[in-house]
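Q: What follows is a single structure, and I will ask about it in a moment.
The values are calculated or read from the model by the stated rules, or taken from the named source; none is laboratory data. In this text the structure is predicted, and so the values were computed from the model without any measurement. Backbone-built Cβ (ideal geometry, glycine too); neighbour counts: all protein chains shown.
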Amino acid sequence: MQPAVEFRNISKAFGRVQANADVSFTIAKGSIHGVIGENGAGKSTLMSILYGYYHADSGQLLIDGHPRNIRTSNEAIALGIGMVHQHFMLVENMTVLDNVMLGSEGGFRLASHRAAVEKKLREICARYRLDVDPLATISNLSVGAQQRVEILKQIYRSAEILILDEPTAVLTAQETASLFEILRLFKEQGKTIILITHKLGEIMAITDQVTVMRAGRVVGAVATADTSKEQLANMMVGRPIQSELPRAPFNPGAPVLTVDQLQLRDKAGVALLSDIAFTLRAGEIVAIAGVSGNGQSELMEILSGMRLPTSGQVAFDGRALPFAGRTDADGLPATFRQLGIGHVPEDRLRDGVIKDFSVEQNTVFGYQERVKNRWGLFDFKAIGQRCNALLTAFDVRPADPDLRIGLLSGGNQQKVVIAREVSAAPKLMLVGQPTRGVDIGTIEAIHTELLKMRDAGVAILLVSVELEEVRALADRIIVMSGGRITGELNIEEFDTTRIGLLMGGMHTS
Amino acid sequence: MKITELPRWATAVVLPLLNLLSALLVAALVIRLLGESPVESMGILINSAIINPEGLSYTLFYASTFIFTGLAVSIAMKAGLFNIGGEGQMYFGGLGLTLTMLALDHTLPGWLLIPAGMLGAAIFGAAWAFIPGYLQAKRGSHVVVTTIMFNFIAADLMNTLINKLVPVGQQNPASRVFTDAAAMPRLNTLFPILGDTPLNLSFLLAIAALAIYGLMVWRSPWGYRLRATGLNGHAAHYAGVRISRMIVVAMLVSGALAGLAAVNSIMGSTHYLSLNFPAGAGFIGIAIALMGRQHPVGIFLSAVLFGALIQGGFDLSLEKPNIPQETFVFIQGLIILFCGAMENFYGPALLKLLNVGKKG
Amino acid sequence: MFENLHIASLLVATVRSAPVLMFAAMAGLFAERSGVIDLALEGKILASAFASAAVAFSTQNVWYGIAAGTAVSAALALLQGYVSISQKGNQLVAGMAINIAISGLTFVLAQFFFQQGGRTPDLGDARLQDIVLPGTAALADVPFIGWFYGHLIGGHSVLVYLAFLLVPLVHWVLYHSRFGLRLRACGENPHAADAAGVNVETTRYSAMLIAGILCSFSGAYLAIVQSGFFLRDMSAGAGYLALTALVFGNWRPVYTALGCIMFGFFSAVQIQMEGVELPGVGRIPGSLIHMIPYVVTVIVLAGLMAKSVAPKAIGKPFVKSR
């Protein structure tokens, strides 16, 4: 039997970056094939070539044994290739039905085909247990349901090869289990699944074959049964990962942050945060674990002054944070910074830096009032000296203060943000997804820096979706689900299963 | 080594120049279709606006107004706001200036009247920009449409108000003439070669305004916050900027600068308030801000260029009735198009040119 | 005062004022629903007003005039599309640029061709006739129904009927046709449309073309039906009022049309109130009455902008991102 997909010597470069270099491997029909690698390993580029978004510079792509030149996503769809993206391609104010019909409406008059499409959708949902109402509006669906709509779209278009790009990043443990059931059903029907992920546990749980990529190349191709998480991790990274970074013995000081009965409701009255209460002490790292979208981001926004809570108190360093009497959070982050709260935001390009400003300009971002001369204008000499010192201390590359920060790699941008916040010597450091989009070498450097701060007595609140990161850094772990705290545990009690259940909304005693 | 991004000198000088030339090329085509020679027209224009000393004086006189309206649009653009209301803000600023003069010009000496007039113009100009700014900050109402509406409202409102200021017995719909004390000192007293032209102290004030603008926007924390707001509102909020206040203040400053443009027209030239005295200066400010890329030097050069177009265009329309002054409104539109909406049109070609012969 | 407000003539005047805005608003609807801000409605109205008046006069044929107006407006729309879609330029600036350029160009061309101070000569008979519905004369004496049938429903030029018939047509195309579905997807989430195999750029260009064609009827109506000639800047802000009607109507055809009719009503009131003595205040100056639609616009925007929901992807050039 011919393999469903074969990549032969595929290479693709973007400017100076070689995204794929001489990639060759096959994907067997009727199998679940995992493609694993770190950020920037080239997995997404390769799949984009398969789906017709990009064209390979050289090499051959064979579908079902026939060489194909896939020039557009329409051609990929025609060949039976479907892709479920990490960021859903759904029009939010339209129904499931409209979203599925988009692009394959069947005629100028929509009404003439609506009924037939709806019928077929219900059949597909029943056969694969997808549990989606075709007449529901996308914006009213949960994230897990929206993903099932994406899958529904591909099945409707008779996809035989289904590509899933980091599908579980936004799912709870239960939703992930449901998804895997659906994938197993597909496999039984003879469909081929390509799973792109960086999560080793998933690879081991569901795939038949694994291809490991690193820096644009294939570094390993094994049957899942013949390998282990450690082996895959080593191949992914290229060297044994330091399993534990040095840290001082746990010796927390006085309480720095006390959150009491914090509630947040959005404009529609939906509860985003309910009854949040915890304490954070000097010299400890508390990590908030949980699947993205369960209130952690909103909690960070409140604690950093970017958003007001609906009700509740937060005491910082003995005094209540000044939420009272305000109608909006305009300008509040500046007050919080003054009090001694530093913030490394989750989305650094949206919140943390100004892409078009230089590296030097970004080192004073948020602290621009502190570097004035006696005429109220910028003291450029002092700013320059400080910037150079930071770039050296944090090993930012290239160490060019005048370079537009948008041109730096994600890891180096993050180093600038962390350098900036650390150098303001805060008492409390709020850190959101510090290693998202960051290369592996820099991850270690960032983790080391955070541990250094903790040892020096700073209280750190970390939000991370990566359990490995939580395990590496936390002294205590708080798990959130559905806007509530579902559990608290010390690091010694770390147990993946228990945390998974808490993340999925099960409270355990 | 192939470069992947255009160097600064290319984006700051070469591209704007190419864009300007494109606009002039299209204009030249239209002039040809109107039956005139573009080269001859250009010659008349340059002669009238640059070479002739009195003409040059008029050019700089117009440029003084345009520097202010150009600054008005520029500073709002730095905050991410497209303030199209300069025309109405200048008009209303003229009212403030006039009311101040009518009240004080018999009692105060010249050296007090000038700052008083400037203050009146700035305050009224700012006031006319306040509501659009406030609505954008608090209600999300798009400042583009609200300022356009305020231009129309100003035209109608001022129509009524000016008619109330007409002295008894006068036919001309204008206020009474100010006393001699309320006149801006003319530069021809220092440079007789300028002839009987209205180039006045406002020109030096305009240069000062450019310097202050440059200093404030690029060298002060306020300017840093302003630019951050315009580039990325989310991040600016993270950095502690009070966004609502920044938007309102940016519009107030913008309106004040547009209002100050009235000082040149009224205190420097006519000495009374007349209907529609802005005569499109507010819209020319948009072209200047875009062509000059909101940079002090760029604004200055663009303002002088437009001053030359207006001065030269006036003489040209006298000699060539087929090229009326409205032709320059058309050219203004072309410049806004090429410099503001198509600014990167030549970018890819220029990049290829710079990479010729380089290895990838 | 109120004796002077003849309700009957107010209603008729409303029906006759609304089409200018309705054509422009329907045009803007297509453009903006596909994701392109259309600030150049004003320029397209003015350009088509000039072209239709000039050609109608020169050929003494109203239909050639309207066709010329449509051609010019469509060309402008495609230019605007090129700048906004292919060049990915700032759509607000592009719109303003076109408006200013056309303001100047129409005057210059009018002056060049007709030497009448920037206007076109009177069309005289080369205009559209009012359509008299069959049976109007027979019903003329019947109270209310005679007026209603003969003067409110009947007795208008064909462009008026076109404007009103356009509304349900636009509604159907937008919500019940394949083209409309794809268009709306491009305006909400162009990446989703792209992933579904829709060509976002082509769809947006089509939307711009339709906008150009529809907008041309607004200009033709102004020049041929309402005035009989072209005058400089005769659009007087109609393009911007149409945008406000879109905000008012939440970018939905029927509500937007209602917004246009509301503006039409204010226009009609304005004309009737000129010269009328108000108790205690006396005669309101014409210019203050003239101001009313613009003030209403600001009030509508202040009140509604926070709540009305523009197409999500509007104004952002589409760049395929992976």
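Q: Only one of these is within 14 Å of chain C (Cβ to nearest Cβ) and buried (at least 24 other Cβ atoms within 10 Å of the Cβ): B:L257, B:L337, B:L273. Name it.
A: That would be B:L337, the only listed residue that is within 14 Å of chain C (Cβ to nearest Cβ) and buried (at least 24 other Cβ atoms within 10 Å of the Cβ).
Q: Let me ask you something else. Pairs needed: first member in the stretch C:133-159, touching a residue at least 60 places away in the same chain (Cβ under 8 Å) and in a helix (DSSP H, G or I); second member anywhere, surrounded by fewer than 14 Cβ atoms within 10 Å (Cβ to Cβ) and of a type in the set (A, V, I, L, M, F, W, C); C-beta distance under 7 Å; at least 6 residues apart or different chains.
A: C:W147/C:A8
Q: So, one more: Here are C:A223, C:A236, C:A245: which of them is free of Cβ contacts under 8 Å to residues at least 40 places away in the same chain and under 13 Å from the mean Cα position of the chain (by Cα)?
A: C:A236
Q: Here's a follow-up. Within the stretch A:182-200, can one find any residue that is at pLDDT 90 or above and on the phi > 0 side of the Ramachandran plot?
A: Yes - at least one qualifying residue is present in the stretch A:182-200.
Q: Looking at (1) crowded, with 20+ Cβ neighbours inside 10 Å; (2) over 20 Å from the mean Cα position of the chain (by Cα); (3) assigned to a strand (DSSP E or B); (4) β-branched (V, I, T), which is the one condition that is false for A:I155?
A: Result: A:I155 passes all but (3).
Q: Moving on. Could you grab me the full set of residues in the stretch A:65-97 that are of a type outside the set (G, A, S), part of a loop (DSSP other than H, G, I, E, B) and more than 11 Å from every other protein chain (Cβ to nearest Cβ)?
A: A:R68, A:N69, A:I70, A:R71, A:L79 - these are the residues of the stretch A:65-97 that are of a type outside the set (G, A, S), part of a loop (DSSP other than H, G, I, E, B) and more than 11 Å from every other protein chain (Cβ to nearest Cβ).
Q: To continue, here is another question. For A:I49, state whether it is farther than 18 Å from A:Q209 by Cα and in a helix (DSSP H, G or I).
A: yes
Q: So for the stretch A:311-333 (the condition being outside any loop (DSSP other than H, G, I, E, B), within 13 Å of chain B (Cβ to nearest Cβ) and over 25 Å from A:I405 (Cα atoms)), does at least one residue qualify?
A: Yes, because at least one residue in the stretch A:311-333 is outside any loop (DSSP other than H, G, I, E, B), within 13 Å of chain B (Cβ to nearest Cβ) and over 25 Å from A:I405 (Cα atoms).
Q: All but one of (1) part of a helix (DSSP H, G or I); (2) modelled with pLDDT under 90 hold for B:V168; state the number of the condition that does not hold.
A: (1)
Q: Checking the structure you have, find out if any residue of the stretch B:156-172 is touching a residue at least 60 places away in the same chain (Cβ under 8 Å), more than 30 Å from B:A137 (Cα to Cα) and either within 14 Å of chain A (Cβ to nearest Cβ) or surrounded by 15 or more Cβ atoms within 10 Å (Cβ to Cβ) (or both).
A: Checked against the condition, which is being touching a residue at least 60 places away in the same chain (Cβ under 8 Å), more than 30 Å from B:A137 (Cα to Cα) and either within 14 Å of chain A (Cβ to nearest Cβ) or surrounded by 15 or more Cβ atoms within 10 Å (Cβ to Cβ) (or both), the stretch B:156-172 yields at least one hit.
Q: Moving on to the next point. What about A:T95, is it in the same structural domain as A:S139 (by TED's automatic domain parsing), buried (at least 17 other Cβ atoms within 10 Å of the Cβ) and among the β-branched types (V, I, T)?
A: For A:T95, the condition - in the same structural domain as A:S139 (by TED's automatic domain parsing), buried (at least 17 other Cβ atoms within 10 Å of the Cβ) and among the β-branched types (V, I, T) - is met.
Q: Give the residue that is nearest to the chain's Cα centre (by Cα), with candidates limited to residues of the stretch B:226-279 that are polar (S, T, N, Q) and over 22 Å from B:P115 (Cα atoms).
A: B:N276
Here's the yes/no breakdown for (1) small (G, A, S); (2) not in a loop (DSSP other than H, G, I, E, B):
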position	(1), (2)
A:G253	yes, no
A:V256	no, yes
A:D260	no, yes
A:L264	no, yes
A:G269	yes, no
A:A277	yes, yes
A:I288	no, yes
A:G293	yes, no
A:M300	no, yes
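Conditions tested, residue by residue: (1) out of contact with any Pro (no Cβ under 7 Å at 6 or more places or on another chain); (2) farther than 26 Å from A:V143 by Cα; (3) of a type outside the set (D, E); (4) modelled with pLDDT of 90 or more.
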position	(1), (2), (3), (4)
A:E6	yes, yes, no, yes
A:V17	yes, yes, yes, no
A:A28	no, yes, yes, yes
A:S48	yes, no, yes, no
A:Y53	yes, no, yes, no
A:H66	yes, yes, yes, yes
A:I77	yes, no, yes, no
A:H85	yes, no, yes, no
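Q: Next question, about the same structure. Please list, ordered by first then second residue, the pairs with beta carbon atoms under 7 Å, 6 or more apart or interchain, first in the stretch B:77-103 and without any contact (Cβ under 8 Å) to a residue 24 or more places away in the chain, second surrounded by fewer than 24 Cβ atoms within 10 Å (Cβ to Cβ).
A: B:T100/B:A116
Q: Here's a follow-up. With A:G65, A:G106 as the choices, which residue is assigned by TED's automatic domain parsing to the domain that holds A:R157, in contact (Cβ under 8 Å) with a residue 60 or more places away in the chain and surrounded by fewer than 14 Cβ atoms within 10 Å (Cβ to Cβ)?
A: A:G65
Q: Considering only residues of the stretch A:158-201 that are touching a helix residue (DSSP H, G or I) at 6+ places or on another chain (Cβ under 7 Å) and assigned to a loop (DSSP other than H, G, I, E, B), which is farthest from A:V117 (Cα to Cα)?
A: Applying the filter and picking the extreme gives A:K199.
Q: Right, next: Of the conditions (1) modelled with pLDDT of 95 or more; (2) within 14 Å of chain A (Cβ to nearest Cβ), C:V198 fails just one. Which one is it?
A: It is condition (1) that C:V198 fails.
Q: Which of (1) without any contact (Cβ under 8 Å) to a residue 24 or more places away in the chain; (2) surrounded by fewer than 18 Cβ atoms within 10 Å (Cβ to Cβ) does C:I289 not meet, given it meets every other one?
A: Going through (1) without any contact (Cβ under 8 Å) to a residue 24 or more places away in the chain; (2) surrounded by fewer than 18 Cβ atoms within 10 Å (Cβ to Cβ) one by one, C:I289 breaks only (2).
Q: Now a separate question. So, of the residues in the stretch C:92-149 that are among the polar types (S, T, N, Q) and in contact with a Gly (Cβ under 6 Å, 6 or more places away or on another chain), which turns out to be modelled with the lowest pLDDT?
A: C:T136
Q: Something else now. Please go through the stretch C:167-192 and give me each residue that is within 20 Å of the chain's Cα centre (by Cα) and either farther than 30 Å from C:I131 by Cα or surrounded by fewer than 21 Cβ atoms within 10 Å (Cβ to Cβ) (or both), ordered by number.
A: Hits for the stretch C:167-192 are C:V167, C:P168, C:L169, C:H171, C:W172, C:V173, C:L174.
Q: Now for a different question. Need the failing condition index for A:M89 against (1) among the hydrophobic types (A, V, I, L, M, F, W, C); (2) within 29 Å of A:M235 (Cβ to Cβ); (3) within 23 Å of the chain's Cα centre (by Cα), just the number.
A: Only one criterion is unmet by A:M89, namely (2).
Q: Still on this structure, please answer the following. As an exercise: evaluate B:H295 against (1) surrounded by fewer than 24 Cβ atoms within 10 Å (Cβ to Cβ); (2) more than 17 Å from the chain's Cα centre (by Cα) and give the number of the one condition it does not meet.
A: (2)
Q: Still on this model: Scan the stretch B:196-213 and give yes if some residue there is within 14 Å of chain A (Cβ to nearest Cβ), surrounded by fewer than 22 Cβ atoms within 10 Å (Cβ to Cβ) and assigned to a helix (DSSP H, G or I), otherwise no.
A: yes
Q: Could you name every one of the helices (runs of 4 or more DSSP H) located completely within the stretch A:350-465 that has at least 3 residues being within 14 Å of another protein chain (Cβ to nearest Cβ)?
A: The helices (runs of 4 or more DSSP H) meeting that bar are A:359-362, A:380-393, A:410-423.
Q: Can you find a residue that is under 23 Å from A:R281 (Cα atoms) and small (G, A, S) anywhere in the stretch A:435-446?
A: No, there is no match, as no residue in the stretch A:435-446 is under 23 Å from A:R281 (Cα atoms) and small (G, A, S).
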